[in-house]
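The values are calculated or read from the model by the stated rules, or taken from the named source; none is laboratory data. Predicted, not measured: the structure shown is a model, and the values here were computed from it. Note that each Cβ is placed from the backbone with ideal geometry, even for glycine, and that neighbours are counted across all protein chains shown. The area values use the complete protein model at the heavy-atom level, side chains included, leaving out ligands, DNA and RNA. Shrake-Rupley method; radii C 1.70, N 1.55, O 1.52, S 1.80 Å.
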Amino acid sequence: MPVSALDGRAAKGPARPGTGTAGTGIWEDFQALLAANPRAEAVVDDRGRRLTRSGLDALSAGIAADMQAHGLVPGDVVIICMPNWTEWMGVYLAALRIGLVPGTLPVTSDPG
């Protein structure tokens, strides 16, 4: 997610095709999708684990609470170094939920 070098806030996304309006950001976009259809599938990982939008929201809420309990506050940078699993998406959204700046390190998973 692009971050403004001046103030650390997430930059607005590019215009959405066919709308002429800028994206609001990943967290806001997820909230709109959640409101539109909470039972829709949100993520499937290479292990076959699946989460609905409401399941992903609940996972990220629990992780966000743990992050806050460990003293993380809005603006803190959190490095995410995990396989590309459903849990990665939960951690990423948890960081956005509470205003952290997620820094991701690519890791590939080996399902075999």
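Estimated at the nearest 10 Å², the accessible area of Met89 is 60 Å² with a 1.4 Å probe. Of the accessible area of the stretch 36-109, with the probe set at 1.4 angstrom, what percent is carbon plus sulfur? Exposed carbon and sulfur together represent 57 percent of the surface. Sequentially through the stretch 62-76, phi angles give Karplus couplings (6.51, -1.76, 1.60; θ = phi - 60°) of x, 5, 4, 4, 5, 4, 5, 5, 8, x, 6, 10, x, x, 5 Hz, Gly and Pro residues having no value and appearing as x.
For Thr52, nonlocal amide neighbours, meaning residues 5 or more places apart or on other chains whose placed amide H falls under 5 Å from its own, are Ala42. Amide hydrogen proximity for Val101: with H placed 1.01 Å from N in the peptide plane, the residues at 5 or more positions away or on another chain lying under 5 Å are Gly75, Asp76, Val77, Val78.
Note on exposure: Asp66, Asp29 ranked by accessible area (1.4 Å probe, complete protein assembly) read Asp66, Asp29, with the most exposed listed first. At 7 Å along Cα-to-Cβ for each site, give me the label-to-label distance between Ala61 and Ala35 in nm. Rounded to a tenth, the inter-label distance reads 1.6 nm. Distance between the pseudo-spin-label points of Asn84 and Ile26 (7 Å out from Cα toward the beta carbon): 1.4 nm. Between Pro83, Gly71, Val44, the Cα set farthest toward the positive side of the dipole of the stretch 38-112 (charges on each charged residue's Cβ, about the Cα centre) is that of Val44. Take Ile79: with every protein chain present and a 1.4 Å probe, its accessible area is about 100 Å². For Gly25, the residues 5 or more places off, or on other chains, whose built amide H falls under 5 Å of its own are Gly13. Phi angles of the stretch 84-101 translate, via the Karplus equation with coefficients 6.51, -1.76, 1.60 and θ = phi - 60°, into HN-Hα couplings of 7, 10, 4, 5, 4, 5, x, 5, 4, 5, 4, 4, 5, 4, 10, x, 7, 9 Hz per residue; Gly and Pro are given as x. What is the dipole size for the stretch 23-90, taken about its Cα centre, with +1 at each Lys and Arg Cβ and -1 at each Asp and Glu Cβ, in debye to the nearest 20? The dipole magnitude comes to about 240 debye.
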